[in-house]
Amino acid sequence: MSASATRLRRLASVAVAVTACGGAVLLTPPVSSNDRASGHPTVESLRQIINDPSAVVPSRTLQESALIGTKSGPLDILVVGGGATGCGVALDAATRGLRVGLVEREDFSSGTSSRSTKLIHGGVRYLEKAVFGLDYGNLKLVFHALEERKQVIENAPHLCHALPCMTPCFDWFEVVYYWMGLKMYDLVAGRRLLHFSRYYSAQESVELFPTLASKGKGKSLRGTVVYYDGQMNDSRLNVGLACTAALAGAAVLNHAEVVSFLKDEGTQRIIGARIRDNLSGTEGQEFDAYAKVVVNAAGPFCDSVRKMANKDALPMICPSSGVHIVLPDYYSPDGMGLIVPKTKDGRVVFMLPWLGRTIAGTTDSSTSITPLPEPNENEIQFILDAICDYLNVKVRRTDVLSAWSGIRPLAVDPNAKNTESISRDHVVSEEYPGLVTITGGKWTTYRSMAEDAVNAAIKSGKLSPSNECITSNLRLIGGDGWEPSLFTALAQQYVRMKKSDGGKVVPGVMDTAAAKHLSHAYGTLAERVATIAQVGFR
């Protein structure tokens with residue numbers, strides 16, 4: 001039987017079960033009694049729990065209850081920050097059999113982690129620096145980014161995919177330069193390669209990217225070199241990490257703010273935090289969460305968390321503003337991105353298809369740290385100016401549909417002897433006993449950043465995990481069993497309710513766009529979403 005036929009049969013059984021229960025979805029407990037008795041589930045049990053289509057994330061009340069503890073029964077790790085790194089730490093630690101809690105002041109992925117370029121970079125720019133600077137450190141960054149890019153795409157296939165990116169060349173030297181560079185990139189990628197890069201003639205390029213200019217700065221287009229990078233739905237991927245961590249046993253709580261740290265009176269080691277539940281009322285209800293180790297994964301705000309432990313702590317964040325704008329879909333074709341390789345500040349600007357629109361960015365300028373960073377007009381105009389020479393469409397300020405700004409937490413190791421170079425890699429530091437800080441890095445490497453942070457926390461708290469890190473081969477919720485053809489099964493099995501002219505609710509066909517959206521947003525859980533929507537009208 002084909003995979004699609006099997007999927008259809010399972011969809012039908014879900015729909016029948018829901019209908020038979022009067023519209024109520026009956027959900028089985030995510031953890032078996034044997035797992036509870038042993039204290040933590042086995043690795044294989046964890047995978048079954050996470051991949052169970054009927055598993056449910058525990059309620060907020062249960063999550064908060066799990067966080068509230070005592071000195072005699074503390075968590076192993078308390079994570080501060082619900083961005084990509086923080087949720088990655090919670091997932092890594094929980095799947096090692098540790099008792100984990102996570103608190104986020106706002107909402108999951110409400111900060112930098114939802115304001116990215118939506119790309120899973122393989123580190124192509126580091127390769128150029130490695131070759132011309134004979135820098136082995138940058139070459140290691142390329143290998144690392146390529147490996148992690150592969151893992152991210154494989155672990156969340158419904159939220160990530162390969163995207164071709166086109167680099168326009170307006171003289172033959174650029175053609176040779178970029179072609180050779182990207183072929184070297186293919187070679188370095190090896191088994192981690194998404195697809196081979198290739199050269200397209202000027203005519204082929206314009207056919208693939210109709211808004212591409214055939215002349216730029218007085219020169220004729222000689223062709224383009226196309227390579228592949230990964231694209232992701234960053235905010236949904238972040239929420240997927242949080243949900244997967246919760247299914248694995250972590251207690252994750254959003255809108256919960258750390259107001260102070262708890263310290264052992266004798267040793268002055270941090271043993272937990274005072275938490276304010278910002279959803280409990282105007283004043284906010286506070287409670288204590290004890291932990292053997294606290295991991296600070298607050299991104300741009302990690303310095304303010306560090307200062308709660310030591311008000312004299314030296315800054316380790318050099319904040320940089322990354323601005324993106326949203327343009328109409330006609331600026332770029334579906335399924336093809338454009339790279340502006342040289343801007344006046346030396347950065348690369350991308351123009352990428354995104355959810356039926358085009359996003360362009362990013363900038364790189366120093367900024368101050370604020371909870372709600374806003375792009376200024378100069379940054380928006382910088383992006384428009386960077387792309388205008390490469391398009392045959394007039395780039396208008398009025399075409400900017402929206403814009404956002406994210407703060408990159410570029411890291412300076414507080415233990416380093418000098419700060420001549422700000423690290424584009426991540427930094428793990430324990431300056432104060434019981435507080436491990438992880439910051440820097442990028443979305444692509446969140447998983448390995450989390451692994452390093454958990455390793456440091458285990459060492460700091462002398463913790464006893466039941467197994468090694470398994471996140472390099474762990475599908476996130478909705479990813480296991482997902483395949484690109486899932487949307488067809490959804491469209492065939494489920495109906496989309498709509499109102500007729502007379503106001504009566506009647507069944508209609510689930511169109512392809514809706515089915516694709518559900519499939520890519522929720523993965524295999526799209527079946528449950530469609531079932532709930534269908535039953536709700538009965």
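The values are calculated or read from the model by the stated rules, or taken from the named source; none is laboratory data. All values derive from a computational prediction rather than experimental measurement. Cβ placement follows ideal geometry from the backbone for every residue including glycine, while neighbour counts extend to all protein chains displayed. Note: areas computed on protein heavy atoms with side chains; ligands, DNA, RNA excluded. Shrake-Rupley method; radii C 1.70, N 1.55, O 1.52, S 1.80 Å.
Miscellaneous remarks
- Restricting the calculation to Cα atoms, every distinct pair contributes to the Kirkwood radius of segment 317-410, found to be 13.5 Å.
- Fraction of beta bridges assigned by DSSP in the chain that are antiparallel (%, nearest 5): 80 percent
- Size of electric dipole in the chain: Cβ of Lys, Arg +1 and of Asp, Glu -1, about Cα centre, debye, nearest 20: 840 debye
- Cβ-derived FRET efficiency at R0 22 Å, T343 paired with D171, nearest 0.05: 0.75
- A simple charge model with +1 on the Cβ of Lys and Arg, -1 on the Cβ of Asp and Glu and nothing else charged puts the dipole of segment 317-410 at about 100 debye relative to its Cα centre.
- Tensor-based shape of segment 418-490 (alpha-carbon gyration tensor, a/c under 1.5 rounded, otherwise prolate or oblate): oblate
- Comparing L194, N378, W443 along the charge dipole axis of the chain, the residue lying farthest to the positive side is L194, per the Cβ-charge model.
- Of the DSSP H helices in the chain, those whose Cα atoms cover at least 18 Å axially and whose Kyte score averages -1.0 or more: 3-20, 136-155, 172-189, 234-247, 446-461
- Only Cα sites of segment 149-262 enter the Debye sum here, all with the same form factor; the resulting log10 I(q)/I(0) across q = 0.17 1/Å is -0.89, listed in q order.
- The order of the peptides 167-176, 522-531, 305-314 by mean Cβ neighbours within 10 Å, most packed first, is 522-531, 167-176, 305-314.
- Using C-alpha pairs under 8 Å with a sequence gap of at least 6, the mean separation divided by the residue count of the chain gives a relative contact order of 20 percent.
- Percent of alpha-carbon pairs separated by more than 15 Å within segment 114-181: 64 percent
- Of all accessible heavy-atom area on the chain, the percent that carbon and sulfur account for (1.4 Å): 55 percent
- Cross-link pairs beyond the 21 Å C-alpha cut-off, checked among K118/K344; K215/K394; K71/K307; K71/K292; K217/K344: K118/K344; K71/K307
- Per residue, the chain exposes 45 Å² of solvent-accessible protein surface, assessed with a 1.4 angstrom probe and all protein chains in place.
- Label assignment, Cα extents along the principal axes in Å derived from the structure, set (1) 73, 70, 46; (2) 101, 55, 45; (3) 80, 45, 36: (1)
- The largest accessible area among H195, H121 belongs to the first residue in H195, H121, and the rest follow in falling order (1.4 Å probe, all chains).
- Close amide H partners of S280, meaning residues 5 or more places away or on another chain with modelled amide H under 5 Å apart, are Q285.
- Dipole size of segment 167-234 about its Cα centre, with +1 on Lys/Arg Cβ and -1 on Asp/Glu Cβ: approximately 160 debye, rounded to the nearest 20.
- Size descriptor for segment 37-177, Kirkwood hydrodynamic radius: 19.0 Å (Cα pairs only, one decimal).
- Rounded to the nearest 500, the helix-only mean residue ellipticity at 222 nm of the chain stands at -10500 deg cm²/dmol, with each DSSP H run of n ≥ 4 adding -39,500 (n - 2.57).
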